[in-house]
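Worksheet for the structure shown next.
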Protein chains: 2
Amino acid sequence: MPSSPVPLPALGLIGFGAFGRLVAQHLASLFSLRVHDPFAPDSAFAAAGIERCDLDVAAACPVVILATPVSTLASVVRDIAPHLSPGALVLDVGSVKVRPAEIMRAGLPAGIDIVATHPLFGPQSAREGLRGLKIAVCPVRGGRARRVGAFLRHALGLTVILTTPEAHDREAAAVQGLTHLIAKVLVAMEPLPTRMTTRSFDLVMQAVGMVRHDAPEVYHAIERENPFAAEVRRRFFDLAAQMDGELGESAGFEGKTRLRA
Amino acid sequence: MPSSPVPLPALGLIGFGAFGRLVAQHLASLFSLRVHDPFAPDSAFAAAGIERCDLDVAAACPVVILATPVSTLASVVRDIAPHLSPGALVLDVGSVKVRPAEIMRAGLPAGIDIVATHPLFGPQSAREGLRGLKIAVCPVRGGRARRVGAFLRHALGLTVILTTPEAHDREAAAVQGLTHLIAKVLVAMEPLPTRMTTRSFDLVMQAVGMVRHDAPEVYHAIERENPFAAEVRRRFFDLAAQMDGELGESAGFEGKTRLRA
């Protein structure tokens, strides 16, 4: 990419884990990135050709993206708050939205605009590019969510779903809660057959392959920090137990086949 | 297809449900089909351009395919036995193989060759043709399984897996047992989100779409007549309950957020 005739706008990125690196990879040609992550290895910075920044430098940018685990968001918000520039825009990228939106609204100074986002993809599903992948965008404070959505659509080719944190978490509880739970159970059952497989089993295992390398924090956020996830799990288990019971009764399994859940 | 210069060999097909129709569709140009199914509607025969036959006519063919539910196989075997021609070849297409192989070996006269098969596909997955789809082929009696495999490979383009009934059922218990169980639970949870979906969730739902219209008999055969299916379900439920327990215990956060896994 030829260097821009005008200086690129600065963008602060807090967190350089798997998802932070994906963000950097796709924004590096559009912004001058200031990346802060004291825990990411030097090799990750070297591979991306990016220099490690101090927190105050990254946080002082006009746009700041928080790409840290949801479980650490409250402390990150506390840490960056004193360094933010007036009128800055802060975005997160967590897999749940109700709690992160609350944390950012409560912890970020009044003059700061806030947009909560959830890219519905990860390094695995984005391997062949971002075009057509989905991202949920929730206005939290200030009026910049639509403009963020337009940028994501036009500059990155993403399909933007404008929604609220609660509506997001209700849908994500089913979409991600079920996928990750099923995947985790199937991975625990491995080795599973690879030869005598059906097309539908192959599809399920392809889905498993897309989430099996997600950081444990992603699974924890999805299952634990989504206020609707436990309810979805409960319905899944109740229905599964019911079906197992129906099968067990007529197969003569001495009535011990019921799920304890 | 131009009519053959020599008469096509006769093939008896017992059962004209969803799978029997798929068999007929792909074998009609290679065999003169004699189809028996007193329960299939006239419209199904009319749509296929096939005349309904009596049992004795279909059973007297040199090759006979049994495409009835596994649960009725014993009575079908009893009914056809008196009408079979000496040296005939009988095949089944059920989703499990240990019990059908036993039933056929016990119920079919000594001079009859037997090959148990399980096409690892259905009308949904075969919509775009058979090429590359898999079929398990198990020798049961007589030496014709390899020749059957060669025919399926060359004439129909199938990928043939030569195996034993027990090895088949062990793998199928995981492959189909898990897919159908998960699909049945997810269908029962509908409506599920269709908008805010991830690629992995889309794949899982695509898998669900491939089996959701299977006849209930297919589900019952897979879950109930496979001697290893209950054990696979048990492992799935135990692991799922364990993961749910781990999530539930620490759902109150407060420093217990580490998964023991």
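I need the full set of residues from the stretch A:54-72 which are within 25 Å of A:Ser95 (Cβ to Cβ) and either away from every other protein chain (no Cβ under 14 Å) or surrounded by fewer than 17 Cβ atoms within 10 Å (Cβ to Cβ) (or both), in order please. Walk me through how you get there before you give the answer.
First, the residues of the stretch A:54-72 that are within 25 Å of A:Ser95 (Cβ to Cβ): A:55, A:58-59, A:61, A:63-72.
Within the stretch A:54-72, A:Leu55, A:Ala58, A:Ala59, A:Cys61, A:Val63, A:Val64, A:Ile65, A:Leu66, A:Ala67, A:Thr68, A:Ser71, A:Thr72 qualify.
For the stretch A:80-98, which residues satisfy the criterion of being assigned to a loop (DSSP other than H, G, I, E, B), among the hydrophobic types (A, V, I, L, M, F, W, C) and over 15 Å from A:Cys61 (Cβ atoms)?
Within the stretch A:80-98, the subset assigned to a loop (DSSP other than H, G, I, E, B) is A:84-88, A:93-97.
From what is left, the residues that are among the hydrophobic types (A, V, I, L, M, F, W, C) are A:84, A:88, A:93, A:96.
Listed by number, the residues that qualify are A:Val93, A:Val96.
Which residues, taken from the stretch A:201-219, are within 7 Å of chain B (Cβ to nearest Cβ), crowded, with 16+ Cβ neighbours inside 10 Å and modelled with pLDDT under 95? Working first, answer last.
Here is the first cut: in the stretch A:201-219, the ones within 7 Å of chain B (Cβ to nearest Cβ) are A:201, A:203-204, A:206-207, A:210-211, A:216.
Filter again for crowded, with 16+ Cβ neighbours inside 10 Å, leaving A:201, A:203-204, A:207, A:210-211.
Answer for the stretch A:201-219, where residues must be within 7 Å of chain B (Cβ to nearest Cβ), crowded, with 16+ Cβ neighbours inside 10 Å and modelled with pLDDT under 95: A:Met210, A:Val211.
Of everything in the stretch A:94-113, what is in contact with a strand residue (DSSP E or B) (Cβ under 7 Å, 6 or more places away or on another chain) and hydrophobic (A, V, I, L, M, F, W, C)? Give them in sequence order.
Taking the stretch A:94-113 as the starting set, the residues that turn out to be in contact with a strand residue (DSSP E or B) (Cβ under 7 Å, 6 or more places away or on another chain) are A:94-95, A:97, A:100-101, A:104-105, A:108, A:112-113.
Of everything in the stretch A:94-113, those that are in contact with a strand residue (DSSP E or B) (Cβ under 7 Å, 6 or more places away or on another chain) and hydrophobic (A, V, I, L, M, F, W, C) turn out to be A:Ala101, A:Met104, A:Leu108, A:Ile112.
How many residues are assigned to a loop (DSSP other than H, G, I, E, B) and surrounded by 15 or more Cβ atoms within 10 Å (Cβ to Cβ) when one looks only at the stretch B:33-53?
To start, the set of residues in the stretch B:33-53 that are assigned to a loop (DSSP other than H, G, I, E, B) comprises B:37-41, B:49-51, B:53.
Adding the requirement that they be surrounded by 15 or more Cβ atoms within 10 Å (Cβ to Cβ) leaves B:37, B:40, B:50, B:53.
Total satisfying the criteria: 4.
Hey, among A:Gly94, A:Gly49, which residue is within 14 Å of A:Phe16 (Cα to Cα), out of contact with any helix residue (DSSP H, G or I) (no Cβ under 6 Å at 6 or more places or on another chain) and not assigned by TED's automatic domain parsing to the domain that holds A:Asn226? I'd like the intermediate steps shown before the answer.
Working: A:Gly94 fails: out of contact with any helix residue (DSSP H, G or I) (no Cβ under 6 Å at 6 or more places or on another chain).
None of the other options fit; the residue is A:Gly49.
Restricted to the stretch B:112-148, and to residues that are farther than 27 Å from B:Ala229 by Cβ and out of contact with any Gly (no Cβ under 6 Å at 6 or more places or on another chain), which residue is least open to solvent (accessible area, probe 1.4 Å)?
Taking the stretch B:112-148 and keeping what is farther than 27 Å from B:Ala229 by Cβ, we get B:112-113, B:128-129, B:131, B:142-144, B:146-147.
With the extra rule that they be out of contact with any Gly (no Cβ under 6 Å at 6 or more places or on another chain), the set shrinks to B:112, B:128-129, B:142-144, B:146-147.
Details: B:Ile112: 5, B:Glu128: 183, B:Gly129: 29, B:Gly142: 46, B:Gly143: 70, B:Arg144: 55, B:Arg146: 180, B:Arg147: 165 Å².
That would be B:Ile112.
May I ask you to list the residues in the stretch B:155-172 that are closer than 17 Å to A:Asp202 by Cβ and among the aliphatic types (A, V, I, L, M)?
Correct list: B:Leu158, B:Ile161, B:Ala172.
Just to verify a result, which residue in the stretch A:228-261, among those that are open to solvent by less than 30 Å² (accessible area, probe 1.4 Å) and modelled with pLDDT under 50, is farthest from B:Asp238 (Cα to Cα)?
If we take residues in the stretch A:228-261 being open to solvent by less than 30 Å² (accessible area, probe 1.4 Å) and modelled with pLDDT under 50, then A:Thr257 is farthest from B:Asp238 (Cα to Cα).
Would you check if there is a residue in the stretch B:18-27 being farther than 30 Å from B:Glu223 by Cβ and open to solvent by less than 50 Å² (accessible area, probe 1.4 Å)?
Going residue by residue through the stretch B:18-27, those that are farther than 30 Å from B:Glu223 by Cβ are none.
No: the stretch B:18-27 contains no residue that is farther than 30 Å from B:Glu223 by Cβ and open to solvent by less than 50 Å² (accessible area, probe 1.4 Å).
The values are calculated or read from the model by the stated rules, or taken from the named source; none is laboratory data. This one's a predicted model, so the numbers in the text were calculated from it and none came from an experiment. As a convention, Cβ positions derive from the backbone with ideal geometry for all residues, glycine included, and neighbour counts pool all protein chains shown. All accessible areas refer to the heavy atoms of the entire protein, side chains included, with ligands and DNA or RNA removed. Shrake-Rupley method; radii C 1.70, N 1.55, O 1.52, S 1.80 Å.
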